[in-house]
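In what follows, a single structure is set out as structure tokens and then discussed.
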Amino acid sequence: MENELMEIIEYYGGKRRSCDQGELVELLREAQELCGGILTEEVLETVCRELNLKRNYIDTVMKFIPDLKTQKVKHRLEVCGGKGCSAKKGRFLAEYIESEYDVTSGGVSEKGEFLYKVAGCMKNCKDGPCIKWDGEIYTEATKEKIKRLVEK
């Protein structure tokens, strides 16, 4: 696996030993596939070292790409914090998640192994409240729907 990872890094980083954000995301997706669907700490450290990148830069990029997953965060759950969804009980879903899974916005729930955040409007106001699980939007969200996704 180490040789394959180095080939991926060489392809995206080349001799210049750097890559733009788009290339970094593709590199991480290929590395994740190589690792069976989860980016390990070892792989992330190797990418940082070989491309001379800081770990917090990679972590920041990964926050915006829901399909990139680490050992600590297997899933990402977002609750729409827009006015439309809040009026349709979206804020109660956020309260439920925070109490049931012992997490605050921006944090990681150990119980459900997901990164949680209250997001901006998801542009599905008429079908709210909305949540996003691993990048996929679910409308008319309920506590039961959240529970099924987390426990799946």
Tell me, which helices (runs of 4 or more DSSP H) lie completely within region 17-75 with 2 or more residues that are surrounded by 15 or more Cβ atoms within 10 Å (Cβ to Cβ) and either within 13 Å of the chain's Cα centre (by Cα) or among the charged types (D, E, K, R) (or both)? 21-34, 55-63
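Take the residues in region 82-122 that are over 15 Å from Ala141 (Cα atoms) and among the β-branched types (Val, Ile, Thr), then tell me which one is nearest to the chain's Cα centre (by Cα). Write out each step before concluding.
Initial filter on region 82-122 (over 15 Å from Ala141 (Cα atoms)): 83, 98-117, 120.
Now narrow it down to the ones that are among the β-branched types (Val, Ile, Thr): 103-104, 108.
On the way: Val103: 15, Thr104: 15, Val108: 10 Å.
Per the criteria, the residue is Val108.
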Of all residues being buried (at least 19 other Cβ atoms within 10 Å of the Cβ) and in a loop (DSSP other than H, G, I, E, B) in region 125-146, which is modelled with the lowest pLDDT? Just the residue, please. Gly128
Single condition Cys121 does not satisfy, out of (1) at pLDDT 90 or above; (2) over 28 Å from Ile38 (Cα atoms); (3) assigned to a helix (DSSP H, G or I): (3)
Quick test for you: out of Leu115, Leu149, pick the one residue that is part of a helix (DSSP H, G or I), within 23 Å of Leu68 (Cα to Cα) and either of a type in the set (A, V, I, L, M) or touching a Ser or Thr at 6+ places or on another chain (Cβ under 7 Å) (or both). Leu149
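The values are calculated or read from the model by the stated rules, or taken from the named source; none is laboratory data. Values in this document were obtained by computation on a predicted structure and should not be read as measured data. Counting neighbours? That spans all protein chains shown, and the Cβs are built from the backbone with ideal geometry, glycine included.
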